[in-house]
Amino acid sequence: MLNVDAYLARLNVARPSATSTEMLRRLQRAHLRAIPFENLSIMRGEPIPLDEASLFDKIVTRRRGGFCYELNGLFAALLRALGYRVTLLSARVANDGGDFSPEFDHLALRVDLATPWLVDVGFGDAFLEPLPLVAGEVVRQGRKVFRVDAPGPDWILHEGANEATLVPVYRFEMRPRELSEFEARCAYHRTSPESHFHQGALCTRTTPNGRVTLSGYRLIETIDGRRSETAIADSEIPGVLARVFGIELPPGR
């Protein structure tokens, strides 16, 4: 059974007394700030099991991060344990050619309260709070705007600096999915050199005023829209991961 109190302590959030939209917002923001989006297991050749016990051990007990299948997979379990009605959604990520990646390439969440919400803690630099699943509604969060459209049976998430610059982020359908259905695509990203997750180490999380990212040998910090970049030597990476992201990797691969 999921240890809800330990998970909430990882997020630095007190156990809520009831479900609410405001609490859902708080949980997503806290998750994005406390738990990094990272591909370090992929780069180190580690297995990535998607069962709840393994995800909890990695993300909560060992204080690691992960990518969409791990982060949204475990967050869905937490939300359900807190009383939320959660549906796992298969999403296809937009590419530079104007098309979308294969089915199950991304895992997002639908949470139903009085109205439905799109929830996502596993897409890196994306929306900070749940988005209402209302077609055509533009929502501003910080320096970005977001809109979900429903041009057919699928929905499409867009983002941009303003309405004029909105571009597709990912396409998703409302059919309920099980976490096991994402295992094959997770295995592809873990093992295939063609996956973009094999192009270099990545670790990123939100901060109170922006975002901090370790990308390869660069530490990138954005504070109130101002970006700075610092070169990092290979020997400095373990210290940066520990100091900035709270991640201590065991020696090995």
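The values are calculated or read from the model by the stated rules, or taken from the named source; none is laboratory data. Fair warning: this is a prediction, and the values are worked out from it, not measured in the lab. Using ideal geometry, Cβ is built from the backbone for each residue, glycine included, and neighbour counts are taken over all protein chains shown.
Per-structure values
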{"item": "Meets criteria (part of a loop (DSSP other than H, G, I, E, B) and surrounded by 13 or more Cβ atoms within 10 Å (Cβ to Cβ)) for Phe123", "result": "yes"}
{"item": "The stretch 99-121 residues that are among the basic types (Lys, Arg), paired with ones that are at pLDDT 95 or above and assigned to a strand (DSSP E or B) (beta carbon under 6 Å, 6 or more apart)", "result": "Arg110/Thr87; Arg110/Leu89; Arg110/Pro116"}
{"item": "In the stretch 66-98, the residues that are of a type in the set (Gly, Ala, Ser), in contact with a strand residue (DSSP E or B) (Cβ under 9 Å, 6 or more places away or on another chain) and touching a residue at least 24 places away in the same chain (Cβ under 8 Å)", "result": "Gly66, Gly73, Ala76, Ala77, Ser90, Ala91, Ala94"}
{"item": "Exclusive hit being over 18 Å from the mean Cα position of the chain (by Cα) and modelled with pLDDT under 95, set Ala81, Ala150, Ala135, Ala126", "result": "Ala150"}
{"item": "Within the stretch 214-232, tally of residues that are surrounded by fewer than 14 Cβ atoms within 10 Å (Cβ to Cβ) and either polar (S, T, N, Q) or farther than 17 Å from Met43 by Cα (or both)", "result": "9"}
{"item": "Neighbours by Cβ (under 8 Å, 6+ apart or cross-chain): first from the stretch 15-29, in the same structural domain as Arg80 (by TED's automatic domain parsing); second polar (S, T, N, Q) and not in a helix (DSSP H, G or I)", "result": "Arg29/Thr206"}
{"item": "The stretch 86-102: number of residues that are of a type in the set (D, E, K, R) and buried (at least 16 other Cβ atoms within 10 Å of the Cβ)", "result": "1"}
{"item": "Options Arg185, Arg143: the member that is under 18 Å from the mean Cα position of the chain (by Cα) and surrounded by fewer than 21 Cβ atoms within 10 Å (Cβ to Cβ)", "result": "Arg185"}
{"item": "Flag if Arg190 is surrounded by 13 or more Cβ atoms within 10 Å (Cβ to Cβ), modelled with pLDDT of 95 or more and under 16 Å from the mean Cα position of the chain (by Cα)", "result": "no"}
{"item": "The stretch 11-40, residues that are farther than 21 Å from Ala108 by Cβ and surrounded by 20 or more Cβ atoms within 10 Å (Cβ to Cβ)", "result": "Leu40"}
{"item": "Single residue of the stretch 1-59 satisfying the filter (among the hydroxyl-bearing types (Ser, Thr, Tyr) and outside any helix (DSSP H, G or I)) that is farthest from the chain's Cα centre (by Cα)", "result": "Ser17"}
{"item": "Complete set of residues in the stretch 212-240 that are within 18 Å of Arg64 (Cα to Cα) and in contact with a Lys or Arg (Cβ under 7 Å, 6 or more places away or on another chain)", "result": "Val212"}
{"item": "Hits in the stretch 60-81 (condition: buried (at least 19 other Cβ atoms within 10 Å of the Cβ) and in a loop (DSSP other than H, G, I, E, B))", "result": "Arg64, Gly65, Phe67"}
